Amino acid sequence: MTEVPDHLLKRSRDRRAALGLGGGEEGDGGGTPTTSAASPAADPSTSVETTAAARPAAVIPAESPAAPPKPVPPYVQASLRRKKIPLWVMPVLAFLPLWAIVYVNTLSKAPSTTPTQAEAGTALFAAKCQSCHQADGSGGAGRPLYQGSVVKTFPTIAEQLEFVWLGSNGTGPAGTAYGDPNREGGVHKALSYNGNAMPTFKGALTQTELLEVVRHEREAFGAEKIDPKQIAPDGSLLWPNGKPMLNAAGELIDPDGKPLFTTEGKLANPAQFTSGATTGQAAGS
Ligand code: HEC
């Protein structure tokens, strides 16, 4: 069908002549020019049989312009068969680093889930105090604390920390005055409220928890005004001189950094917190 170009026929003839494979111009060119040139493999099979059985190795490589294509190696086949990465994935990949940065940023904001001192105090009051004092501090089995009452009893937070730590019985025998002696409406005395005792919380709460729950009472029911300078960036309360109220171990310390309580749980230096003391908290009257 296809015309074999003359130069190819000629080259084939020349080659065969050079190798001494019979024929010449007339035997080849006349009979089947197409097959002889186009499929050299068929050629040796007819003539090589007799004459060139010893040299097919020389014939075939020299005369195979159309050598069968090399088989595709399996690893290339595998790579061709494999699914290609779709184009839409490219922008997704390009934005991955941006997404990573955004993601990491959201993680670094997570620590804000740690409750602040005030939040922890609210939860502690509900768990440990509400049964006697009511959620709004209006009192029941325990004294009313609301409407500023608790801050009237304890003009400084230190005195209230001591009272809650020790309870009625740790404060002294029935009738022992506690808090502000000049309290508006009369000084409060141990076991003077229906004779019920305020339990001790020394050991039942940590000193950190004591501070948290007492803050809740003063700020939620006592409407205590706190100088913003006394609130640390993490929300914890500072002494009026800006010093922390807790040490690294979570124990209460006074404005000079010394332990607030003696081992019995009494204020180690009560004179620090009397009215008008410069380092005390919110001195009253
Ligand atoms: C079992 C009931 C009960 C529980 C629980 C209780 N209290 Fe009391 N609380 C009392 C009683 C009773 C008084 C009065 C004590 C007295 O007259 O000696 C009182 C008094 C007080 C006072 C003094 C108020 C004043 O103006 O005189 C404070 C402050 C106080 N409680 C805080 C707390 C805190 C904080 C908790 C939780 C950690 C708590 N209470 C848990 C019964 C309780």
remark   = Cα extents of the range 161-285 along the principal axes, largest first, in whole Å, come to 42, 32, 27
request  = Return a whole-number percent for the relative contact order of the range 185-282, with Cα pairs under 8 Å and 6 or more residues apart as the contact set.
outcome  = 17
key: Normalised contact order of the range 109-234, rounded percent, pairs of Cα under 8 Å and 6 or more residues apart   = 32
query = Cα-Cα over 26 Å: which of Lys128/Lys229; Lys152/Lys202; Lys229/Lys258?
reply = Lys128/Lys229
task = State the extension gain, in nm to one decimal, for the chain segment bounded by Asp234 and Ala78, taking 0.36 nm per residue of separation less the distance between their alpha-carbons.
result = 50.2 nm
request  = Starting from the Cα of Arg11, step 7 Å along the direction of its Cβ; do the same at Val187; then give the gap between the two resulting points in nm.
outcome  = 12.6
Computed FRET value (nearest 0.05) for Ala223 with Asn194, which takes r as the C-beta separation and R₀ as 22 Å = 0.30
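All of the numbers you see were taken from the coordinates with simple rules; none came from a lab. Note that the coordinates shown come from a computational prediction; the quantities given were computed from them, not determined experimentally. Counting neighbours? That spans all protein chains shown, and the Cβs are built from the backbone with ideal geometry, glycine included.
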